[in-house]
1. Straight-line reach from B:Lys182: which lysines have a Cα under 25 Å away, not including same-chain ones fewer than 8 places off?
2. Using alpha carbons only, how many degrees (0 to 90, rounded to 10) separate the axis of helix B:313-323 from the longest principal axis of chain B?
3. Could you estimate the translational diffusion coefficient of segment A:75-283 from the Stokes-Einstein equation, with Rh from the Kirkwood formula over C-alpha pairs, at 4 °C and 1.567 mPa s, in whole µm²/s?
4. Could you give the angle, 0 to 90 degrees to the nearest 10, between helix B:28-54's Cα long axis and the longest principal axis of the Cα atoms of chain B?
5. What residue among B:Gln431, B:Gln335, B:Gln141 has the largest mean-square fluctuation in a Gaussian network model of chain B, using Cα springs under 10 Å?
6. Against the longest alpha carbon principal axis of chain B, how many degrees, from 0 to 90 and to the nearest 10, is the axis of helix B:433-446 turned?
7. Compute the distribution of all C-alpha to C-alpha distances in the protein assembly as shown, in bins of 20 Å from 0, and list the percent of pairs in each, rounded to whole numbers.
8. Using a 10 Å cut-off around each Cβ of peptide B:138-150, what is the average number of partner chain Cβ atoms that fall inside?
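Only the coordinates and a few stated rules stand behind these numbers; no lab work does. What you are looking at is a predicted structure, and each value in this text was computed from that prediction instead of being measured. With ideal geometry, Cβ positions are generated from the backbone for all residues, glycine too; neighbour counts draw on all protein chains shown.
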Amino acid sequence: MGNKKPQPASRREFLKNLSSGSALAVSGMALYSVSSCKPSSEEKTTLLTTDGKLVEVPNSEIEMLEMQSVSPEESRKGIPGKKFVMVVDLAKCKNARKCVEVCDKHHNLTPDRPYIKVLEMRDNEKSAPYWMPKKCFQCDNPPCVKVCPVGATYKRTDGIVLIDNERCIGCRFCMAACPYSSRVFNWGQPPNVDQEIAYSPETSVPSKIGTVGKCDFCPDMLRKDKLPHCVTSCPNGVIYFGDEIEDTVTNGEETVRLSTLLKDKAGYRYMEELGTKPRVYYLPPVNRMFPFENEVQGNSES
Amino acid sequence: MRKYNGNLQKFETRREKDLLGHLITTSLKYKVWIAFLLLIIAFGMFGYYRQIKYGLIVTAMRDYTSWGIYISNFVFFVAISLVGSLFSSILKLNKNEWARPLTRVSEIIAVAAIICAAVIIIVDMGRPDRFFYVIKYLRIQSPIIWDVIIISTYLVISFLLLFISVLPDLALCRDRLIEIPKWKKRLYRITAINWNNDPKQMAMLKKVSTILAISVLPVAFAIHTITSWLFATTWRPGWDSTNLGPYFVSGAFMAGAAVIIVAMYFMRTELKLKAYITESHFDKMGKLLVLLSLVYLYFNINEYLGPAFKMVGVEGEHITELFVGKYAPMYWFVQLGGLILPIILLTFKNLRKPIPIAIISIFVILGAWFKRFLIVIPSLQHPYLPIQGVDESYLHYNPTWEEWAITLSSFAWLLLIITVLIKLFPIIPVQKAENISKKAVEKILQQ
């Protein structure tokens, strides 16, 4: 669905009207029925326009429409009353890499520079290796935000750190400042840029050449009360996601109390001593569910 | 077109003839040199055109090595710009009269280097089209903003220092030079801003130059300290150090002194200024370079000994890579060839003669440039979390031809600015300060 030719003008205009909010009240139900997790189909949905006409629109275009809902200014505020938090259970990860794949797909990334990396870690020679899925830690004391000269990257009230590709000047100071190497740069023109979609920092697409990108906790999904793509795609329930204020996290299968989970399983944050206060916790790789296998085997199995 | 060969021009004194001669005659060598510089600049422009067209993908920088030779070159330019303050402030306030003839060239180098530093930082930007966002969306807590503020301040002060040092001679050029094209006459008339060696003007000039000499010093220290903070405010191995400010500043003074020595050598031979830039100047500069290098050596030991003793985690990996790893040849070239050997060699009087000291200074400059490479690049290749699951090209950094072309052309720009300014303005004060004041007194007596 990448390089689509422009659609007929009338339908595009209709979509633009939608985006300005005029018809959202009528079409709201229809929009919510479409999950962007599903592969795009040629199915169509009938919608009512402002001037009272019924129009058939392919679902794939509605998906795009959902993406362009939040402007860069709005995206600075955050979702009210929320403090998002993630817990990664290292005991469950077997490097299935589904999170990486689905993240690459939804953020339009090439496999050579993903937002999520599953790292092969080994704390010392005697201890066993383990897999460590690593995203942006969405730090509460974010070094990247501190160094940005133009406020192109910012901390929101809901705890998420986002990047505005329309403001980023590409100095890459944030990349040097991030101790976790979470940030990637659009060194060239990002692949398959569909210019029909309006850019939003909440979706990070279409990302812009010469600017920085990173894992964004998928705020577009969170706005719809859905989980980030990496959480839902994981076959082993490694990633728990939730709200610190509600004190609950879920991996899509089980919902648990955040404080209990961290207490019982000795949750920790990576390199606490840096004082960055990450919003991503890890559960130690003890009693592992899978034997550690090297990368090639892990890939072929999944 | 009229030919200006200097036949009609008459000078009052030998000094005037020697020091103003190059302003009215243009040698073939000069033209070839300018053409050569323009050629390199054109080559770099082509590289930059490709970078604008395709993005920073044409460079070898990738997600881990996210800063490359543009940034190290930027640090280098900022470093050599400090030499302006060395002469206009430190040596002047300490009443080192011998250094007086070198003040102008040091200010010219400072101004040229600061301009090039500003340009190269724009070249490094992923979105140079958004340059003015730095002003529009300015956030004062970013060290980049501090750097922008201090660099522009230093540029203004350096420019003023250059201007006030050359002002009396601009008036002299206006009054004395006849056989020059109209645009040059206009240039001298405008830039001399009605200067006529009036005692009031003299007093004011002296006051202003003292104020500037004092005020440039903290700014000069700040400019390179803040540049070091671009690194020291992060957690990277080799950057996460409280030593970085003085380490950068001392290295800058050393590099700047070496640049002045090379400039002195070429001015002396090309402009035939042997009577004005004497062997004694080289001797004194040699001693000064040894002193500055020793200070830098001290901060180098501070910078490496602690981490090398402790060998903590990535900091230890970084040190290993510098001392015995991939970057060891460059590291030891820089430390031995660009720092320790020059210190030893320059303690010999015979090696402080113009030719040997110019060669040694070129090694110091090369060492200084590669030192900045070693400060910027290896640190980025040792993050806390291992580099895995990325394209192979992300693991190394070998600058592409576009990067080298742009870097070389930035040097060509630097040399072009310096050459043109030297060609346009008297590089050594034609009127000695005491002569000017004597004339002024005579003038008053006549009235």
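1. Once the sequence-local lysines are set aside, what remains near B:Lys182 is B:Lys3, B:Lys10, B:Lys17, B:Lys29, B:Lys31, B:Lys423.
2. Long axis of B:313-323 versus the principal axis of chain B: about 60 degrees.
3. Working: Rh = 17.4 Å.
Diffusion coefficient, whole number: 74 µm²/s.
4. 40
5. Result: B:Gln141 has the largest fluctuation of those listed.
6. Helix B:433-446 sits at roughly 30 degrees to that axis.
7. Result, from short to long distances: 15, 40, 27, 15, 3, 0 percent.
8. Details: counts 3, 9, 1, 5, 11, 5, 7, 4, 1, 1, 1, 0, 0.
The shielding value for this peptide is 4.
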